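Chemist: Can you read through this structure? Questions will come right after.
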Amino acid sequence: FNILKTDDFGLNLRNDDVTATLQLMDSLANVIFINDGVYTIDNLIASKRYEFSNDAWFRTNTKTNSNGVLAKSGLTMIRPKFKHNVLQTPMDGDYGSAIRIGTYRQPNDINVSVNNVNIFEPIIEHINSVNAGQSFEILGNAFDITITRPKMTGKGFGIIAHWGGDVGNNGHGSNITYSYHPHNITIINPKF
């Protein structure tokens with residue numbers, strides 16, 4: 001398939017987590033069109049082109065070990081909109097983001113990377129007034145990333161870019177022997 005629409009799968013009629021169906025669509029089509037509606041997601045691994053209609057939203061309910069979208073190489077998102085609900089404040093540097101690009105826990109292989117990610121005019125509304133997450137987290141060997149005119153509102157962090165490496169179960173308390181860092185990151189006209 002070249003293009004699949006969320007309406008083709010009846011997702012706009014559902015109120016539950018639709019991550020598995022969107023994951024299937026990502027494996028079948030080059031373009032996923034998100035029709036009007038609110039779609040609950042959790043750890044959606046996305047690598048294709050996502051185009052959002054005017055009133056289409058992803059809603060996250062991230063916990064201490066999840067994110068909304070996990071970007072893979074080649075991901076393009078056109079006008080994505082997120083209602084980012086952080087249910088629990090993340091305890092580690094790899095979680096709590098509306099969109100995560102790369103990973104904090106990166107194997108000792110410079111070839112493991114996320115690259116060529118383009119996010120155009122995203123809107124991310126942090127809707128939980130108690131817990132703070134991130135709009136974007138870019139980490140490890142992530143490169144050639146462009147985020148154009150992002151708008152981020154509510155309680156949370158806008159864009160965080162940092163290292164990734166051999167992080168153990170103790171997170172930041174682990175003994176780190178190597179790390180990789182994001183590079184070639186372009187952020188155009190952000191609004192917080």
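The values are calculated or read from the model by the stated rules, or taken from the named source; none is laboratory data. Computed from a predicted structure; not experimentally measured. Virtual Cβ from ideal backbone geometry, glycine too; neighbours counted across all protein chains shown. To get the accessible areas, we keep the full protein, side chains included, count just its heavy atoms, and leave off ligands, DNA and RNA. Shrake-Rupley method; radii C 1.70, N 1.55, O 1.52, S 1.80 Å.
Chemist: Which of the strands (runs of 3 or more DSSP E) found entirely inside segment 1-82 contain at least 1 residues meeting this: under 24 Å from Pro182 (Cα atoms) and in contact with a Gly (Cβ under 6 Å, 6 or more places away or on another chain)?
Modeler: Per the criteria, 56-62.
Chemist: Oh, and also: Collect the residues in segment 121-140 that are open to solvent by 10 Å² or more (accessible area, probe 1.4 Å) and touching a strand residue (DSSP E or B) at 6+ places or on another chain (Cβ under 7 Å), keeping them in residue-number order.
Modeler: Across segment 121-140, the qualifying residues are Glu121, Ile123, Glu125, His126, Ile127, Asn128, Asn131, Ala132, Gln134.
Chemist: Condition check: surrounded by 16 or more Cβ atoms within 10 Å (Cβ to Cβ), among the small types (Gly, Ala, Ser), farther than 20 Å from Ile138 by Cβ and at pLDDT 95 or above. Does Ala46 satisfy that?
Modeler: No.
Chemist: Something else about it: Tell me which residues, restricted to segment 141-159, are more than 20 Å from Ser73 (Cβ to Cβ) and open to solvent by 30 Å² or more (accessible area, probe 1.4 Å).
Modeler: Arg149, Lys151, Thr153, Gly154, Lys155, Gly156, Phe157
Chemist: Here's a follow-up. Cβ-Cβ under 7 Å, sequence separation 6+ or interchain: first residue in segment 1-27 and basic (Lys, Arg), partner surrounded by 12 or more Cβ atoms within 10 Å (Cβ to Cβ). Which pairs?
Modeler: Close Cβ pairs (under 7 Å, with a partner that is surrounded by 12 or more Cβ atoms within 10 Å (Cβ to Cβ)) amount to Lys5/Phe33; Lys5/Asn35.
Chemist: Kindly provide the set of residues from segment 76-110 that are closer than 20 Å to Ser47 by Cβ, more than 9 Å from the chain's Cα centre (by Cα), crowded, with 19+ Cβ neighbours inside 10 Å and among the aliphatic types (A, V, I, L, M), ordered by number.
Modeler: Met77
Chemist: Across segment 61-72, what is the number of residues that are buried (at least 19 other Cβ atoms within 10 Å of the Cβ), touching a strand residue (DSSP E or B) at 6+ places or on another chain (Cβ under 7 Å) and without any contact (Cβ under 8 Å) to a residue 60 or more places away in the chain?
Modeler: Of the residues in segment 61-72, 4 are buried (at least 19 other Cβ atoms within 10 Å of the Cβ), touching a strand residue (DSSP E or B) at 6+ places or on another chain (Cβ under 7 Å) and without any contact (Cβ under 8 Å) to a residue 60 or more places away in the chain.
Chemist: I would also like to ask the following. In contact with a Leu (Cβ under 7 Å, 6 or more places away or on another chain), outside any loop (DSSP other than H, G, I, E, B) and in contact (Cβ under 8 Å) with a residue 40 or more places away in the chain - does that describe any residue in segment 111-123?
Modeler: Among the residues of segment 111-123, at least one is in contact with a Leu (Cβ under 7 Å, 6 or more places away or on another chain), outside any loop (DSSP other than H, G, I, E, B) and in contact (Cβ under 8 Å) with a residue 40 or more places away in the chain, which makes the answer yes.
For every residue, the table says whether it meets (1) open to solvent by 70 Å² or more (accessible area, probe 1.4 Å); (2) at negative phi.
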residue	(1), (2)
Ala20	yes, yes
Met25	no, yes
Tyr50	no, yes
Gly74	no, no
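Chemist: Sticking with this structure for a sec: Is it true that Ile3 is surrounded by fewer than 17 Cβ atoms within 10 Å (Cβ to Cβ) and on the phi < 0 side of the Ramachandran plot?
Modeler: For Ile3, the condition - surrounded by fewer than 17 Cβ atoms within 10 Å (Cβ to Cβ) and on the phi < 0 side of the Ramachandran plot - is met.
Chemist: Also, quick follow-up: Which residues, taken from segment 132-164, are at pLDDT below 95, out of contact with any Pro (no Cβ under 9 Å at 6 or more places or on another chain) and in a strand (DSSP E or B)?
Modeler: Correct list: Gly156, Phe157, Ile160.
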